Amino acid sequence: MRRWLAGQRRAWGQPAHDPATGWQMYRLWIRADEGQIVQVTGRIAPPDFYIVDVRPLTAAETAEFTQWEARND
């Protein structure tokens with residue numbers, strides 16, 4: 001996350017919403033330092049971003065992210 005915030009790492013993000021809590025969320029697909037692609041989900045509470053979940057992408061999501069990287073290189 002630090003590298004993304006510093007502009008050193010690209011991430012594909014999209015807004016999300018948790019209907020159970022009403023929280024405004026944001027999902028990022030990002031490649032970790034080790035090369036694994038993960039989804040980082042965070043709660044937006046300006047000016048803060050609280051990470052609430054990190055998980056590896058599925059095979060289909062990984063393929064989609066890899067295509068996105070190739071298009072946005």
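Would you mind checking the tilt of helix 59-71 against the longest principal axis of the Cα atoms of the chain, expressed as 0 to 90 degrees and rounded to 10?
Once rounded, the angle reads 70 degrees.
From largest accessible area down, sort Glu64, Glu34, Glu69; use a 1.4 Å probe on the protein chains.
Largest accessible area first, the residues go Glu34, Glu64, Glu69.
Need one number for the chain: average projected area of the convex hull over its C-alpha atoms, nm².
Numbers: hull surface 21.5 nm².
With every direction weighted equally, the projected area is 5.4 nm².
Give me the dipole magnitude in Debye, nearest 20, for the chain about the Cα centre, with unit charges on the beta carbon: positive for Lys and Arg, negative for Asp and Glu.
Using only the charged Cβ atoms, the result is roughly 160 debye.
Given the protein chains as shown and a 1.4 Å probe, how many square angstrom of Arg3 are accessible, to the nearest 10?
Taking all protein chains as shown, Arg3 has close to 120 Å².
Can you tell me the relative contact order of region 8-58? Whole percent, Cα pairs under 8 Å, sequence separation 6 or more. Don't skip to the answer; put the middle values down first.
Working: 93 pairs, mean separation 13.2, N = 51.
It rounds to 26 percent for region 8-58.
The values are calculated or read from the model by the stated rules, or taken from the named source; none is laboratory data. Model, not experiment: these values are computed from the prediction. Every residue, glycine among them, receives a Cβ derived from its backbone with ideal geometry; neighbour counts consider all protein chains shown. Calculation scope for accessible area: heavy atoms of the full protein, side chains included, ligands and nucleic acids excluded. Shrake-Rupley method; radii C 1.70, N 1.55, O 1.52, S 1.80 Å.
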